[in-house]
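Data first, discussion second: the structure below is written as C-alpha cells.
We did not get these values from a lab; they are worked out from the coordinates using the rules stated. Treat the numbers as computed from the prediction; the structure is a model and nothing was measured. Heads up, the Cβs are rebuilt from the backbone with ideal geometry, glycines too, and the neighbour counts pull from every protein chain shown.
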Amino acid sequence: MKNFTKLAIAAVVAGVTAGAALAEGLYTPNLSYRTGPFAATGIPLMNGQADYANMLNARDGGVGGVKLDFEECETGYSTEKGVECYEKTKGKAIVTQPWSTGITLQVLPKTNVDQIPILAPGYGFSPMMDGKTFQWAFNMPAGYWDAADMILQFLEGKGDLKGKTIAFLHLDHPFGKEPLPVLEAAAEAQGFNLIKVPVGLKEMQNQSAQWLQIRQKRPDYVVMWGWGAMNAGAITEAVKTRYPMENMLGVWWSGHDADLKIVGEKGKGYKSISWSFPDPSAPVMADIKKHVVDAGNSRSNEEEMQGVFYSRGMVMSMMLAEGIKVAQEKYGTAEINAEQLRYGLENLNITEERLAELGMTGMVAPFSTSCGNHTGHAGGWMLEWDGEKFVKASDHLKPRVDTYAALAAKGAADYAEANAPWPVNEECGG
C-alpha cells in the first residue's frame with residue numbers, strides 16, 4: 001500500500017507537470033546584496049544559489065517539471081531596502097530569502113499574516129529553531145547558537161577554558177550580537193572571561209582601536225563574528241599585530257577564501273566553523289558546468305566556484321528545492337503555494353543516500369527538520385586556512401542543543417509575548 005501511494009503521488013505530479021510549459025514557474029525570490037560593504041561575501045553566495053537553480057531548470061525542467069523563478073531583489077544588505085523587497089515580492093512568492101538578520105527580524109512578524117516561509121540558512125534569529133512558535137521561519141541546517149557551541153567545543157578540545165580569556169570581536173549589528181546568550185552562559189558556567197569587542201559599520205575597514213584593545217587584553221583566543229568588509233579588515237589587523245592566527249576563529253560567515261587570500265601564508269592557522277564544505281570534484285559541480293557554465297549562464301568564475309561560499313550557496317538552493325519536492329509529493333501538485341512549501345521545509349530528510357543522489361556527498365552533513373525543529377542542527381566542521389585554501393581541521397561536530405534549549409524556549413516565549421497576539425502551533429508535538 002505504501003509503494004502504491006508513492007506511485008499514485010508521482011503519477012499526479014507527472015500529470016500536472018505535463019502542462020508545466022504553461023506555468024509561470026515557482027517564484028522563489030532572493031533578497032540579494034551584490035552591492036555595498038558586504039558585496040564581496042554576497043556575490044559568491046548569490047552566484048552559487050543562482051547556478052544551482054539554473055542547473056535544475058536546464059537539466060530537469062526545474063523541480064517537478066516546473067521551473068524556478070529565482071529573481072533577485074537588490075538590498076545592499078540594507079534592512080530598509082530588504083523590507084521594501086519583501087513587500088514588492090510577497091504577492092506571488094512561495095518563499096522569502098531575506099539574507100540578513102536585521103531584515104529577518106523585520107520580516108518575521110509579517111510572515112504570520114502573509115503566510116510566507118522565511119528561508120534563512122545558517123542565519124537569523126536563533127530561537128527560530130522552535131518551530132512551534134516560529135511556524136513560518138527556517139534557518140537550517142544550523143543556527144548561530146549551534147555555531148557558538150561548536151566553536152566552544154573545538155576550544156574545549158584544546159584544554160580547559162577555566163581562567164582563559166576569549167575576545168568576542170563582532171559586528172555591532174543584530175547579526176553580531178546573536179551568539180551572546182550562549183557565549184555568556186558558557187563563560188559563567190566554565191569560568192572563562194568573555195571580552196566583547198564591537199566593530200561599528202563605519203569601522204569595518206579600520207579596526208585599529210579594536211585591535212589595540214585586543215593587544216592590551218592579550219586574550220587566549222579571538223572569536224570573530226564578522227561579515228563582508230569586516231572580515232578582511234580584522235584578518236589584516238591580526239596579521240599586522242602578529243596575533244597568533246591559530247588562536248583566531250570565526251563563524252561560518254567569517255570563513256571566506258577571498259578574505260584569507262589577501263594575507264596568504266600569513267593567515268595560515270586561521271579557523272572558521274562551517275556547515276558546508278566545497279568539493280570541486282563533486283558530480284553536482286560537473287552538472288553545473290555542463291548545464292550552466294558552458295551555456296554561458298553563470299556569473300561566477302572558476303576560482304570562486306572552488307570556494308566555501310559558492311558551494312554554500314549551492315547547498316542553500318538544494319535545501320529549497322528539496323523542500324519544494326517534498327511539498328509536491330505531499331500535495332500531489334507541482335505548482336505548490338507558500339503554505340504547502342512550509343510543510344516541505346519542515347519535513348526535510350537530507351540523508352547520506354539523498355546527498356549521494358544529488359551528487360553532493362560531504363558538502364553538508366545529513367539532517368532532518370520537523371514541526372518543532374526548524375533548524376535541523378546538522379552540525380559542521382572546523383575549517384582551517386592552510387595558506388592557500390580552507391581544509392577540514394576537525395571531524396564532524398554536532399551542537400549540544402540541550403545546553404541552550406531552555407534559552408531558545410525562553411527567547412521564543414519572550415518574542416511571542418512582546419509581539420502578542422502571536423499564533424503558536426499547538427498541534428505541533430516536536
Q | Cα centroid separation - the range 304-331 against the range 375-430, whole Å | A | 19
Q. Quick one: helix 2-17 against the long Cα principal axis of the chain, what's the angle to the nearest 10°, folded into 0 to 90?
A. 80
Q: Quick one: of Lys164/Lys410; Lys92/Lys261; Lys266/Lys410; Lys110/Lys325; Lys110/Lys392; Lys132/Lys290, which pairs are farther than 32 Å apart, Cα to Cα?
A: Lys92/Lys261; Lys266/Lys410; Lys110/Lys392; Lys132/Lys290
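Could you order peptides 253-259, 204-210, 330-336 by the average number of other Cβ atoms within 10 Å of their residues, highest first?
Working: 253-259: 24.4, 204-210: 16.3, 330-336: 19.6.
Peptide ranking by packing, descending: 253-259, 330-336, 204-210.
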Q. Can you give me the Cα centroid spacing of the range 25-52 and the range 196-233 in angstrom?
A. 26
(Q) In the range 170-229, if the dipole is taken from +1 on Lys/Arg beta carbons and -1 on Asp/Glu beta carbons about the Cα centre, which of Ala185, Leu212, Trp227 is farthest to the positive end? (A) Leu212
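Taking the beta-carbon count within 10 Å as an exposure proxy, list Ile288, Ile166 from fewest neighbours to most. Can you show the working numbers first?
Numbers: Ile288 27, Ile166 23.
Taking fewest neighbouring Cβ atoms as first place, the list is Ile166, Ile288.
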Q. Over the Cα atoms of the range 272-430, how large are the radius of gyration and the largest Cα-Cα distance (Dmax), in Å?
A. 18.4, 53
Q. Using a basic spin-label model with each label point 7 Å from the Cα along Cα→Cβ, how many nm lie between Asp279 and Arg59?
A. 1.3
(Q) When a/c reaches 1.5 or more, the comparison of a/b and b/c decides; with that in mind, is the range 28-148 rounded, prolate or oblate per its Cα gyration tensor? (A) rounded
(Q) For Phe277, Phe175, which order do you get if you count the other beta carbons within 10 Å of each Cβ and list the fewest first? (A) Phe277, Phe175
Q: Mind running the shape call on the range 252-328? Use the C-alpha gyration tensor, a ≥ b ≥ c as the square roots of the eigenvalues: rounded below 1.5 for a/c, prolate if a/b tops b/c, oblate otherwise.
A: oblate
**Q.** Over the range 40-178, relative contact order from alpha-carbon pairs under 8 Å, at least 6 apart, %
**A.** 15
Q: Return a whole-number percent for the relative contact order of the chain, with Cα pairs under 8 Å and 6 or more residues apart as the contact set.
A: 21
Q. Separation of the range 69-100 and the range 105-144 by C-alpha centroid, Å?
A. 15
Q: Taking the Cα centre of the chain as origin, sum charge times position over the Cβ atoms of Lys and Arg (+1) and Asp and Glu (-1), and report the length of that vector in debye to the nearest 20.
A: 600
Q.
Using a 10 Å cut-off around each Cβ, can you sort Val239, Val364, Val251, Val197 from fewest to most neighbouring Cβ atoms?
A. Val239, Val197, Val251, Val364
Q: Quick one: angle between helix 405-418 and the longest Cα principal axis of the chain, in degrees between 0 and 90, rounded to 10, please.
A: 70
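Name the shape class, rounded, prolate or oblate, that the alpha-carbon gyration tensor gives for the range 164-245, where a ≥ b ≥ c are the square roots of its eigenvalues, rounded holds for a/c under 1.5, and otherwise prolate holds if a/b is larger than b/c and oblate otherwise. Intermediate values should be presented prior to the final figure.
Working: a/c = 2.28, a/b = 1.28, b/c = 1.78.
Oblate, because a/c is 1.5 or more while a/b does not exceed b/c.
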Q) What spacing in nm lies between the two simple spin-label points modelled at Leu180 and Asp395, each 7 Å away from Cα in the Cβ direction? A) 3.6
Q) Any idea what the dipole of the range 224-350 comes to, in debye rounded to 20, about its Cα centre with Lys/Arg Cβ at +1 and Asp/Glu Cβ at -1? A) 360
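When the expected Rg is taken as 2.2 N^0.38 Å, what fraction or multiple of it is the alpha-carbon Rg of the chain? Walk me through the intermediate numbers first.
Details: Rg = 21.2 Å, N = 430, 2.2 N^0.38 = 22.0 Å.
Rounded to two decimals, the normalised Rg is 0.96.
Given +1 on the Cβ of Lys and Arg, -1 on the Cβ of Asp and Glu, and no further charges, what dipole in debye does the range 19-139 carry about its Cα centre, rounded to the nearest 20? Don't skip to the answer; put the middle values down first.
Numbers: 9 positive and 12 negative charges, 28 e Å.
Computed about the Cα centre, the dipole is about 140 debye.
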Q: Report, in degrees rounded to the nearest 10, the 0 to 90 angle that the Cα long axis of helix 229-240 makes with the longest principal axis of the chain.
A: 30
Q: Obtain the nm distance between the two label points defined at Ala413 and Glu24 by a simple spin-label model: each point lies 7 Å from its Cα along the Cα-to-C-beta direction.
A: 4.3
**Q.** Extension gain, Ser368 back to Asp114 (0.36 nm per residue minus Cα-Cα distance, nm)
**A.** 88.9 nm
